[in-house]
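The values are calculated or read from the model by the stated rules, or taken from the named source; none is laboratory data. This is a predicted model, so every value here is computed, not measured. Note that each Cβ is placed from the backbone with ideal geometry, even for glycine, and that neighbours are counted across all protein chains shown.
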Amino acid sequence: MNIHTTETSNTRRSRLRIGVILIAVSLIALGHWWTPVAPAGLLGVHVLLRKLFLIPILLAAAWFNLRGALLAALAITLVFLSHVLLQWGGHTQENVNQIGEFVTIWSTAILAGWLVGKEKDALRRLSQTYEGALVALVMALDAREHDTQLHSLRVRGYAEHIATKMGISGNALIELSRGALLHDIGKIGVPDNILLKKGSLTSSERQIMQKHPEIGARLLRNVPHTDEAGIIVCAHHEKFDGTGYPKGIAGNDIPLGARIFAVADAFDALTSERPYQGAVTIADAVERLARDAGSHFDPEVIAVFVGVPAEDWSRIANSVGENDL
Ligand SMILES: [Fe+2]
């Protein structure tokens, strides 16, 4: 994933959230400040408005954990304290009430911030376990077919990089990444004598082999959060001119994730050392793939792919080995 792009969108989102919290605090403070305390009906509104200060605290806790909740509580304390000192100095009974309000504000901030932090930690661990299980499964499958366990991980890295350059981000990028990682999971259903056969396959063997995209998609129906990934898995051997399998769909009928994947997969196949073929250089691989724009590959994907500097590919290939073994 392009780290810079992700950081930029995260920063933008954080700024937006800080803005929402500050606007909420300001609107509540102004509403509270300007609402008179008589008659009794308006006093009720005045008191109710100060209770609303809990909303920005809860938002800050949800978005920025304990630190955010405490900073929101501090901002509210400063705003509310100036109101208390300027408008309620000497009203002992009301001041006691207001001290109670401060206690509510700070205890809510501490508890909400702490609980949200714990919840997020638990979710992060769960997500890491889920991703780790998928990676372990894929590496085991890769080890069966390839000399290295890193094929699918590298393809995932390449596909993510092309996708990011094409402006894909957020959930769409996560789904594409998962589809690229799991693309050959259906080979679990292909017998060794076909999968590992050195010579060319007979037509009946080829038919069995070519079932693996659909087997993979079927397997993924039972795995949570892989709906879109399953679509990419099913289409990962389709070709842009319609000569691929299993459906023989063409052009934009092939999901974009699968069109991006096809380039990443072929690039890895060419640049990896294999028993029957030595690795070609990155420049040669890019040139060969570019020749197949419009036949095997989507020309728009190829246009982006050829513009990626060679050092990006080397960096991704090296980082896959370091991070995942
Ligand atoms: Fe495949």
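Just to be sure before I move on: is Asp241 farther than 18 Å from Ile174 by Cα, in contact with a Gly (Cβ under 9 Å, 6 or more places away or on another chain) and away from the ligand (no atom under 15 Å from the Cβ) in the structure I sent? In short, yes.
Of all residues being among the acidic types (Asp, Glu) and away from the ligand (no atom under 15 Å from the Cβ) in the range 167-204, which is surrounded by the fewest Cβ atoms within 10 Å (Cβ to Cβ)? Just the residue, please. If you could, list the steps in order and put the result at the bottom.
Residues of the range 167-204 among the acidic types (Asp, Glu): 175, 184, 192.
Filter once more, so that each one left must be away from the ligand (no atom under 15 Å from the Cβ): 175, 192.
On the way: Glu175: 21, Asp192: 9.
Once the filter is applied, the top-ranked residue is Asp192.
The requirement of being within 16 Å of the ligand (Cβ to nearest atom) and either surrounded by 15 or more Cβ atoms within 10 Å (Cβ to Cβ) or free of Cβ contacts under 8 Å to residues at least 40 places away in the same chain (or both) is fulfilled nowhere in the range 104-126; no residue meets it.
Residues that are modelled with pLDDT under 95 and among the charged types (D, E, K, R) were ranked within the range 33-68; the one that is nearest to Phe80 (Cα to Cα) is Arg50. Within the option set Ala269, Ala262, Ala317, Ala229, being within 15 Å of the ligand (Cβ to nearest atom) and either in a loop (DSSP other than H, G, I, E, B) or surrounded by fewer than 20 Cβ atoms within 10 Å (Cβ to Cβ) (or both) holds for one residue only, Ala269.
Restricting attention to helices (runs of 4 or more DSSP H) lying wholly within the range 1-106, give those where 1 or more residues are closer than 30 Å to Ile162 by Cβ and outside the structural domain of Glu160 (by TED's automatic domain parsing). Can you show your working first?
Details: elements: 3-34, 40-51, 54-88.
By residue number, 3-34.
When the criteria are applied in full, Thr164 meets the requirement of being more than 16 Å from the ligand (Cβ to nearest atom), within 23 Å of Val301 (Cβ to Cβ) and either part of a helix (DSSP H, G or I) or at pLDDT below 90 (or both).
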